[in-house]
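The values are calculated or read from the model by the stated rules, or taken from the named source; none is laboratory data. A quick note: this is a predicted structure, and the numbers were derived from the prediction, not measured. Cβ coordinates were reconstructed from backbone atoms using ideal geometry, including for glycine residues, and neighbour counts include every protein chain displayed.
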Amino acid sequence: MPDFPVPDVKALRRFDASQGPRVIRPNDGPVVDLGSLGVRFMVWAEESGGGFSLVEHPIPPRTLAAPLHRHANEDEYSYVLEGRLGALLGEDVEMADPGDLVFKPRQQWHTFWNAGDGPCRILEIISPGGFEHLFAELGANPDAMTGEAAETVDARFGLEVDYESISRLCTEYGLVFPDVGP
């Protein structure tokens, strides 16, 4: 099992000015590699008062980040820092380059991928916050990414996932999706 430090959520608290200045440097924050994308945790929901969370997702070249899915509770905003991001938003395919912001509203079927041959990095703003804990849970327990365990985690986080979409999306867009399970 990987040595991923799942935060003590009870120890996290809203960050405010009484705590002094806070700067998150490029290498700050816990990191987990989920195979199809990485996650660098920058702002937890508990630190923002629940309003949002912020993670950075590096995505390997020509890699599907996630199966087609939709969130019951969160909106996601993906700001492209580097590379080219492909996104299927409902029935529309969009390409986004550095400086572009892709909006993935709750209840919309979507997925995203690195559409280039080099690195792709996005900042993901999740509103309201809390969904970042799914990434933490998967980092601490990779077995939860497959089978019945995945369905249980998905349901707990209000996530509907079309796992059968992986093969079709990879074929259609020339992508890979790493085998992350046992």
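Quick notes
- So Arg40, is it of a type in the set (Lys, Arg), part of a strand (DSSP E or B) and either within 12 Å of the chain's Cα centre (by Cα) or surrounded by fewer than 20 Cβ atoms within 10 Å (Cβ to Cβ) (or both): yes
- Among the residues listed as Gly29, Gly99, the single one being over 27 Å from Asp143 (Cα atoms) and of a type in the set (Gly, Ala, Ser): Gly99
- Restricting attention to segment 18-29, the residues being surrounded by fewer than 16 Cβ atoms within 10 Å (Cβ to Cβ) and either at positive phi or touching a Gly at 6+ places or on another chain (Cβ under 8 Å) (or both) number 1.
- Residue pairs whose Cβ atoms lie under 6 Å apart, sitting 6 or more positions apart in sequence or on different chains, and linking a residue in segment 134-145 that is closer than 15 Å to Ser53 by Cβ to a partner that is part of a helix (DSSP H, G or I) and among the aromatic types (Phe, Trp, Tyr), do not occur here.
- Filter result (surrounded by fewer than 16 Cβ atoms within 10 Å (Cβ to Cβ) and either in contact with a His (Cβ under 7 Å, 6 or more places away or on another chain) or under 16 Å from Tyr79 (Cα atoms) (or both)) within segment 115-154: Pro119
- Test: residue in segment 78-101 that is free of Cβ contacts under 8 Å to residues at least 60 places away in the same chain, in contact with a Leu (Cβ under 9 Å, 6 or more places away or on another chain), hydroxyl-bearing (Ser, Thr, Tyr) and under 15 Å from Val55 (Cβ atoms): yes
- All positions within segment 111-130 that are over 12 Å from the mean Cα position of the chain (by Cα), in a strand (DSSP E or B) and not small (Gly, Ala, Ser): Asn114, Cys120
- Test: residue in segment 117-130 that is within 30 Å of Arg14 (Cβ to Cβ), touching a Pro at 6+ places or on another chain (Cβ under 8 Å) and not β-branched (Val, Ile, Thr): yes
- The residues listed here are Thr152, Thr171; of these, the one that is under 21 Å from Gly90 (Cβ atoms) and in a helix (DSSP H, G or I) is Thr171.
- Any pair with Cβ under 6 angstrom, 6 or more apart, that starts in segment 33-46 at a residue that is over 17 Å from Gly130 (Cα atoms) and ends at one that is modelled with pLDDT of 95 or more: Ser36/Thr63; Ser36/Ala65; Ser36/Phe177; Leu37/His57; Leu37/Ile59; Leu37/Ala65; Gly38/Pro58
- Qualifying positions in segment 104-154 - modelled with pLDDT of 95 or more, out of contact with any strand residue (DSSP E or B) (no Cβ under 6 Å at 6 or more places or on another chain) and of a type in the set (Gly, Ala, Ser): Gly116, Gly118, Gly130
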